[in-house]
1. So how far, in whole Å, is the C-alpha centre of the range A:84-114 from the one of the range A:33-78?
2. Rounded to two decimals, what is Rg over Rh for the range A:47-157 when you use alpha-carbon atoms and the Kirkwood radius?
3. What number comes out for accessible area per residue over chain A if the probe is 1.4 Å? Units Å², please.
4. Leaving out ligands, DNA and RNA, and with a 1.4 Å probe, what % of the accessible surface on the range A:89-185 is carbon or sulfur?
5. Within a Cβ distance under 15 Å of A:Asp212, other residues only, what is the Lys/Arg minus Asp/Glu net charge?
6. Please work out the FRET efficiency for the pair B:Asp77 and A:Ala73, using the Cβ-Cβ distance as r and a Förster radius of 35 Å; give the result to the nearest 0.05.
7. Once ligands and nucleic acids are excluded and a 1.4 Å probe is used, how much of A:Arg19 is accessible, expressed in Å² to the nearest 10?
8. Using amide H atoms built 1.01 Å from N in the peptide plane, name the residues 5+ places from A:Val121, or on other chains, whose amide H lies under 5 Å from its own.
Amino acid sequence: MTGGAAADRAVADRGVSGRTARIAAIGDIHLAPDAAGRYRPAFQRLGGVADLLLLAGDLTRHGTVAEARTVAAEVAGLDVPVIAVLGNHDHHDGCPDQVADVLREEGAVTVLEGSSAVVPVGGMQVGVAGTKGFGGGFAGRCGSEFGEDEMKAFVRYSRSLADGLRTALAELAGCDLRIALTHFSPVPDTLAGEPLEIYPFLGSYLLAEAVDEGRADLAVHGHAHAGTEHGLTAGGVPVRNVAQPVVRHAFALYELHPAEAAGC
Amino acid sequence: MNTADPGPGAAGSRPAEYRAARLQERLAAGPYAELALRIEFRGDAVLVRAVAGSPACRSYLLDAVAEEFTGLRVHTDIALADTGVPDHPEAVQ
Ligand SMILES: [Fe+2]
Ligand SMILES: [Fe+2]
């Protein structure tokens, strides 16, 4: 991509000044038909303040199709692209694929699982790689693939989702900005406020490893309702917990600047 | 806790700790799939904290807490989720 073309696109793209991407993000909105419309007034103002909206999972309460319809209606027709991962609640009813399909078809949401999406923002390519992720714990205090089949399956599942994030981030190698979007946490930092005893159910260091290897500029997650917003991976990538009770708004807003010129 | 002090709620009923666990299971299985209720025991009182997604969810949680902890001194802090637009972005370095 040439500088001239980038400048032209910066002018052409909506609401962008300089090389800044404005990321809105929220997780754990836990919607159901009785709460329809609660986020809609704020989401309708997104066009003025953000370039894209990230949904960090637990969008529904029980993962039913009816609840997915409520979520889809909440974000349909917004002025910004919407990119989501599912959360554990979105799996509860046993039909996460249907939940994802409803979000795609009725809400025009890009739902990621071990996959990525690229959004043009002000002449930049902003890449988002996503997975729900899973638990297992953090380096030095985590489960391992040993013993009972159930324990092995638990750790294997977490590892396979983290591998999906790694693969998805690799697809974004040439992007100006890379964001890792998960539901479970990659780091313990953003769990501060949660009981220590449940940390292994809230995230996995395997996600952080993938975030660092993929040289993400930002990692966004939800799930830890009683956690804190700010954290950092061992590789220095900023982590933000955007679980709704943590953010205490309809969404959090982050401005990102690419370190150097690049292109997808 | 020693055997002479069976703890809050133990007199004539299940110990409060088990009642707390039962409440959490009941809320998880309930209409709001609430998994994030924080329950703490301070002396002879029970502290319950949560953020509810709607006024209806808040009153459901308050009712469930009152029912499960009947006979105990209960303090609740169940806030309503704020769904406003933030007034400024964070510049992430
Ligand atoms: Fe949640
Ligand atoms: Fe969750």
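1. 12 Å
2. Expressed as Rg/Rh, it is 1.06.
3. I get 38 Å² per residue for this part.
4. Solvent-exposed carbon and sulfur of the range A:89-185 make up 51 percent of the total.
5. With Lys, Arg at +1 and Asp, Glu at -1, the net is -2.
6. For R0 = 35 Å, the calculated efficiency reads 0.65.
7. Around 90 Å² of this residue is reachable by solvent.
8. Correct list: A:Val126.
The values are calculated or read from the model by the stated rules, or taken from the named source; none is laboratory data. Keep in mind the model is a prediction, meaning the values are calculated, not measured. Using ideal geometry, Cβ is built from the backbone for each residue, glycine included, and neighbour counts are taken over all protein chains shown. What goes into the accessible areas is simple: the full protein's heavy atoms, side chains included, and nothing from ligands, DNA or RNA. Shrake-Rupley method; radii C 1.70, N 1.55, O 1.52, S 1.80 Å.
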